[in-house]
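The values are calculated or read from the model by the stated rules, or taken from the named source; none is laboratory data. Quantities reported herein were computed from a predicted structural model and do not represent experimental measurements. Every residue, glycine as well, gets a Cβ built from its backbone with ideal geometry; the counts of neighbours run over all protein chains shown.
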Amino acid sequence: MAIDPYAPIFVISVAAELAEMHPQTLRQYDRLGLVSPSRQSGRQRRYSQHDVELLREVQRLSKDGVSLEGIRRILELENQVAALRSRVMELEQEVSEARRRGAADPLRVFAAGMGGDVVTLARGQRPEPRSQAVVVWRPRANQAPGLY
């Protein structure tokens, strides 16, 4: 039986030992928001295996000379990349499912907003007038490119 890597099972002393750090360093990273463990009743920190791996990554970056603020930004960007990858996989599955059902419409239009969100637009529908969205479409054969 595999253990959930996100299950909060380690107390701070065990997590510190696994990450080869002092418990006070873990508390500091928690205060800075670099690694935020779960809290049990009585405000006791509980770390997951994922948290311990993250602590090791913070330690590695720190040894390489990256400031704590730089590390915080790197971790934030890595989280955004992971979320976007997950969304891309969801969209790819939706497209595959639609093709499998035979419902693929090559004339569907998608708009990508400033926040990275992707929405499907009906044929002939346009994004909000003041939107700075990027619109992607596939024109029909023997028809000029444009929104349909």
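Data for the structure
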{"item": "Check on residue 33, surrounded by 10 or more Cβ atoms within 10 Å (Cβ to Cβ) and either among the polar types (S, T, N, Q) or more than 30 Å from residue 119 (Cα to Cα) (or both)", "result": "yes"}
{"item": "Yes/no for residue 55 being at pLDDT 95 or above and either at positive phi or buried (at least 16 other Cβ atoms within 10 Å of the Cβ) (or both)", "result": "yes"}
{"item": "Single condition residue 66 does not satisfy, out of (1) modelled with pLDDT of 95 or more; (2) assigned to a loop (DSSP other than H, G, I, E, B); (3) closer than 18 Å to residue 5 by Cα", "result": "(3)"}
{"item": "Residue satisfying condition, being outside any helix (DSSP H, G or I) and either more than 30 Å from residue 125 (Cβ to Cβ) or out of contact with any Cys (no Cβ under 6 Å at 6 or more places or on another chain) (or both), within set 54, 34", "result": "34"}
{"item": "Count of residues meeting criterion [over 26 Å from the mean Cα position of the chain (by Cα) and in contact (Cβ under 8 Å) with a residue 12 or more places away in the chain] in segment 13-41", "result": "3"}
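Every residue, every condition in (1) surrounded by 13 or more Cβ atoms within 10 Å (Cβ to Cβ); (2) of a type in the set (A, V, I, L, M); (3) in the same structural domain as residue 117 (by TED's automatic domain parsing); (4) farther than 30 Å from residue 120 by Cβ, yes or no:
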site	(1), (2), (3), (4)
27	yes, no, no, yes
43	no, no, no, yes
50	yes, no, no, yes
72	yes, no, no, yes
95	no, yes, no, no
99	no, no, no, no
